[in-house]
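**Q** Here it is, the structure in full.
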Amino acid sequence: MAHRPTPLTRYRARVTFDRATLETYRDRTIPDIAGDTIRLVFVGINPGLWTAAVGAPFAHPGNRFYRALWEAGITPDRIDATRGLREADIRQLTDRGIALTNLVDRATARAGELDPAELRAGAVRLMTKLDAWNPAVVAMVGITAYRTAFRRPRATVGLQPDPPSNHRWWVVPNPSGLNTHETVASLAAWYRKVADDA
């Protein structure tokens, strides 16, 4: 699944939303990104308001997910999802057997707005989806949500010794810009490990 990064070859003008506009996207959902063959599923916690506004996972300008994938050599081009995903962007993922989904479908301003019952209900829905997709590896993006959703309060980041399904499970750091403990380089190192396992 490894590919060498190539230079960023395109520039997309930035788009901005004011707070009132973003609030109109609260509780909206976005579609999963999934192809016919799925080897690796990245599971976000839930869509943010910006993500819901443009209809693309991990789309907020401060989110480092796609940059980390590119730095890890997983995608050949750096995807810019801040205005949504292009067909070519989606193909970069699906052609490599990568799918993107969320633990909870509804958009909120912060993941902290989700209560434990909603996270656990999302886990049940996710397991049904994974049964249908049957990936080799699942990577949950965010340790706190994982601990709550799957009732594993002592789980740590990394390969899970007691996975909640018959897939290989990893928990990797959240790429949100709010997670100041991680850098693009450290995120890329985690994502590379997950991709190598798939």
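**Q** Give the peptides 100-110, 24-34 in descending order of average Cβ contacts within 10 Å, highest first.
**A** Values: 100-110: 19.7, 24-34: 15.5.
Top to bottom by mean Cβ count within 10 Å: 100-110, 24-34.
**Q** For D32 and A189 in the same chain, what is the full-extension length gain: residue separation times 0.36 nm, less their Cα-Cα distance, in nm? Could you put the intermediate results ahead of the total?
**A** Working: separation 157, 0.36 × 157 = 56.52 nm, distance 2.44 nm.
The D32-A189 span can extend by a further 54.1 nm.
**Q** State, as an integer percentage, the relative contact order of the chain based on alpha-carbon contacts under 8 Å between residues 6 or more apart. Intermediate values should be presented prior to the final figure.
**A** Details: 375 pairs, mean separation 54.6, N = 198.
So the answer I get is 28 percent.
**Q** Leaving ligands, DNA and RNA out of it, report the carbon-plus-sulfur percent of the accessible area of the stretch 152-198 at a 1.4 Å probe. All intermediate terms of the calculation are to be shown ahead of the outcome.
**A** Details: 1380 of 2540 Å².
On the stretch 152-198, the fraction of accessible area on carbon and sulfur atoms equals 54 percent.
**Q** What is the antiparallel percent of DSSP beta bridges lying wholly in the chain, to the nearest 5? If you can, show how the numbers build up before the last one.
**A** Values: 3 of 19 bridges.
Roughly 15 percent of the beta bridges in the chain run antiparallel, per DSSP.
**Q** Using amide H atoms built 1.01 Å from N in the peptide plane, name the residues 5+ places from N174, or on other chains, whose amide H lies under 5 Å from its own.
**A** The list, which skips near neighbours in sequence, is G142, I143.
**Q** Under 15 Å from a label point 7 Å along Cα→Cβ of R91: give me every residue in the stretch 23-58 with its amide N that close.
**A** Backbone N within reach: 35-36.
**Q** Report, as a whole number in µm² per second, the diffusion coefficient that Stokes-Einstein gives for the stretch 146-188 at 37 °C and 0.692 mPa s using the Kirkwood radius over alpha carbon pairs. Walk me through the numbers before you get to the answer.
**A** Values: Rh = 11.6 Å.
Rounded, D is 282 µm²/s.
**Q** Multiplying the sequence separation of V124 and L178 by 0.36 nm and subtracting their Cα-Cα distance, what value in nm do you get? Each step should come with its number before you reach the end.
**A** Numbers: separation 54, 0.36 × 54 = 19.44 nm, distance 2.71 nm.
The span from V124 to L178 would gain 16.7 nm if fully extended.
**Q** Can you tell me the accessible area per residue over the chain, all protein chains present, probe 1.4 angstrom, in square angstrom?
**A** Working: 9620 Å² over 198 residues.
Value for the chain: 49 Å² per residue.
**Q** Please list M127, M140 in order of solvent-accessible area, largest first, computed with a 1.4 Å probe with all protein chains present. Intermediate values should be presented prior to the final figure.
**A** Numbers: M127 40, M140 0 Å².
Most to least solvent-accessible, the answer reads M127, M140.
**Q** Mind jotting down the distance between the C-alpha centroids of the stretch 58-73 and the stretch 128-143, whole Å?
**A** 19 Å
**Q** Another question about this same structure. Using 0.36 nm times the number of residues separating F17 and V157, minus their current alpha carbon distance, what extension gain do you get?
**A** Values: separation 140, 0.36 × 140 = 50.40 nm, distance 3.31 nm.
Gain on extension, F17 to V157, equals 47.1 nm.
The values are calculated or read from the model by the stated rules, or taken from the named source; none is laboratory data. A quick note: this is a predicted structure, and the numbers were derived from the prediction, not measured. Every residue, glycine among them, receives a Cβ derived from its backbone with ideal geometry; neighbour counts consider all protein chains shown. Heavy atoms of the whole protein, side chains included, go into the accessibility calculation; ligands, DNA and RNA do not. Shrake-Rupley method; radii C 1.70, N 1.55, O 1.52, S 1.80 Å.
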